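Nothing in this text is a laboratory measurement; each read-out follows from the coordinates by a stated rule. Remember, predicted model here, so these are calculated numbers, not experimental data. All Cβ positions, glycine included, derive from the backbone under ideal geometry; neighbour counts span all protein chains shown.
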2 protein chains.
Amino acid sequence: MSNQDIPSNVREMIREGKWSEPTSGLCMGYVQANLVILPKEWAYEFLLFCVRNPKPCPILEVLDPGVVEPKIARDADIRRDLPKYRIYKNGGIKEVVEDISGLFTDDMMSFLLGCSFSFEKALMDAGIGIRNIDEGKNVSMYITDRKCQSAGRFSAPLVVSMRPMKIEEAIRASQITTRFYLTHGAPVYMDDPHGIGIDDINRPDFGDPVTIREGEIPVFWACGVTSQLAIESASPPIAITHHPGHMFITDLKDEDLTVL
Amino acid sequence: MSNQDIPSNVREMIREGKWSEPTSGLCMGYVQANLVILPKEWAYEFLLFCVRNPKPCPILEVLDPGVVEPKIARDADIRRDLPKYRIYKNGGIKEVVEDISGLFTDDMMSFLLGCSFSFEKALMDAGIGIRNIDEGKNVSMYITDRKCQSAGRFSAPLVVSMRPMKIEEAIRASQITTRFYLTHGAPVYMDDPHGIGIDDINRPDFGDPVTIREGEIPVFWACGVTSQLAIESASPPIAITHHPGHMFITDLKDEDLTVL
């Protein structure tokens with residue numbers, strides 16, 4: 001195993017400023033997580049938003065106010081162990097930084113949410129190609145016409161990610177991702193994009209368009225970007241998240257997410 | 001279908017004071033839920049306790065402050081639709097009542113938590129007998145030496161329920177209950193009771209002892225009584241719960257709890 005295969009080593013490398021790139025491909029087989037940090041006064045409503053919308057916002061861990069070391073990542077420091085962070089102020093993205101030690105306060109609570117890397121690996125292990133990875137692009141993401149259940153000041157439409165595949169692969173992918181209920185679980189929809197309010201499949205709201213081949217259908221999964229729209233709608237004075245693609249690498253193995 | 005098979009009818013019957021007995025056996029196939037009501041100032045910490053301990057405290061729904069009609073029970077009123085309620089004051093059981101309309105305030109939040117009735121029916125459908133039901137007793141429950149993850153003022157040891165069965169049945173029961181992840185899911189332990197700190201299997205901490213036959217092992221599931229111990233430890237000025245066995249009957253079908 002190289003150094004880049006062990007979560008604690010990679011976190012240390014990031015902490016020392018030696019890695020500030022996306023984390024995709026690092027520590028294969030280990031769970032990477034989305035990060036959301038909020039002041040306590042906002043955090044509990046966000047917690048309820050996640051509980052009410054577990055498919056887009058699956059909770060891996062909630063850290064107590066002021067705590068920086070997650071249980072699922074030994075000796076980690078969530079203030080410094082992600083390559084890049086986004087700082088939101090009043091619901092808008094203010095800046096992107098590599099260290100939030102100066103911003104994190106004792107009243108802030110951190111959320112680690114499941115990300116789709118885990119189930120993508122499971123799909124690839126089953127021989128199902130991930131088009132955006134094959135084409136070197138970001139996954140296509142769309143704002144749907146489905147509303148999440150709101151919680152206090154947090155509300156959002158459901159955002160989905162899309163992966164094109166053959167019908168038989170879509171069935172197999174439904175089986176496989178069902179087990180990964182902490183990384184968005186089974187698809188929320190497939191086939192006709194208009195059924196969830198997507199007008200043009202070739203113009204995603206986030207990420208890149210990918211090729212959909214003859215005989216393939218688009219398959220849609222709930223997407224963690226939903227939580228970003230919820231933060232924008234709630235507009236807290238400050239919120240800190242991972243920068244897209246620059247995730248927190250945990251000590252959990254992908255298979256741990258299938259434990260019921 | 002008789003009147004006693006339709007959740008909305010039974011809730012109405014209870015609301016009108018025509019039924020104040022346990023709900024076991026009513027509306028078979030529909031989900032019954034544990035109820036916990038707390039002032040908002042305490043509710044969010046309890047929410048976090050449930051999120052951190054999903055096996056004993058699986059969340060079916062969290063109602064906003066002052067809301068009395070759950071989404072999972074049309075036209076219901078959680079202040080009057082349970083046959084009996086327990087009133088806790090400062091962590092102790094103060095009284096048992098049949099209506100909480102005079103106690104429920106606009107700052108109170110209600111939690112509906114999964115209960116084991118749903119998976120017991122699935123076990124019986126699979127031909128696995130439930131000993132305490134066969135013997136007309138309450139299920140045996142034990143305080144274990146495992147600690148739940150605490151959240152703010154809420155902490156508790158894990159409480160488990162026990163059902164004796166043959167080895168092959170225990171394996172089948174693990175498969176079946178895994179699907180019911182919102183009603184405690186798979187067993188947390190089986191066989192030697194000392195492995196989870198139970199000294200005498202014939203002396204449960206709650207409920208009744210049941211017969212364990214030659215060739216059978218005790219199988220342990222996380223139990224909702226855990227949340228009662230958490231309420232006692234946190235000692236909020238007021239908390240309202242269902243009275244044991246007197247549950248809230250929802251419109252959800254048992255099978256809905258297996259959706260991932």
Across the residues of B:176-183, average count of Cβ atoms on other protein chains within 10 Å? 1
Which pairs break 24 Å Cα to Cα here: A:84/B:55; A:18/A:84; A:71/A:147? A:84/B:55; A:71/A:147
Which distances, shortest first and in nm, link residue B:125 to the matching position in the other copies, using label points set 7 Å out along Cα to C-beta? 3.0
Closest approach to the B-A rotation axis by any Cβ of B: residue and distance in angstrom? B:44, 2
With chain B reduced to its Cα atoms and the Debye formula applied, log10 I(q)/I(0) at q = 0.13 1/Å amounts to -0.81
Would you kindly compute the Cα radius of gyration of the range B:108-260 and its largest Cα-Cα separation (Dmax), both in Å? 15.6, 49
Comparing A:61, A:16, A:216 in a Gaussian network model of chain A (Cα, 10 Å), the one with the largest mean-square fluctuation is A:16
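Listing A:246, A:194 from the residue with the fewest other Cβ atoms within 10 Å to the one with the most, what is the order?
A:194, A:246
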Just the isolated ones, please: cysteines in chain B lacking another cysteine beta carbon under 4.7 angstrom. B:27, B:115, B:148, B:223
Estimate the FRET efficiency between residue B:41 and residue B:16 by the formula 1/(1 + (r/R0)^6), using the beta-carbon distance for r and 45 Å for R0, to the nearest 0.05. 0.85
To the nearest 10 degrees, how steep is helix B:40-52 against the longest Cα principal axis of chain B, on a 0 to 90 scale? 20 degrees
Compute the separation of the alpha-carbon centres of the range A:35-92 and the range B:82-151 and state it in Å as a whole number. 31 Å
List the distances, in nm and shortest first, from the label point of residue A:136 to the matching label points in every other copy, placing each point 7 Å from Cα along the Cα-to-Cβ direction. 7.6
Given unit charges at Cβ for Lys, Arg (+) and Asp, Glu (-), the dipole magnitude of the protein assembly as shown about its Cα centre in debye, nearest 20, is 400 debye
Using the basic label-point model (7 angstrom from Cα toward the beta carbon), what is the residue B:145 to residue B:5 distance in nanometres? 4.9 nm
Just tell me the longest site-free run in chain A, where the sites are trypsin sites (Lys or Arg not before Pro) in a DSSP loop having at most 12 other beta-carbon atoms within 10 Å. A:75-212
Of A:149, A:178, A:82, which is farthest towards the positive pole of the range A:78-183's charge dipole, taken about the Cα centre with +1 and -1 on the beta-carbons of Lys, Arg and Asp, Glu respectively? A:149
Distance between the range B:165-228 and the range A:186-260 - C-alpha centres, whole angstrom: 39 Å
Taking Rh as the Kirkwood radius computed over C-alpha pairs, what is the Stokes-Einstein D of the range A:149-204 at 4 °C in a medium of viscosity 1.567 mPa s, expressed in µm² per second? 98 µm²/s
For residue B:192, place a label point 7 Å from Cα along the Cα-to-Cβ direction in every copy; what are the distances to the other copies, in nm, shortest first? 6.0
To the nearest 500 deg cm²/dmol, what mean residue ellipticity at 222 nm is calculated for chain A from DSSP H runs of n ≥ 4 alone, each contributing -39,500 (n - 2.57), summed and divided by the residues? -6500 deg cm²/dmol
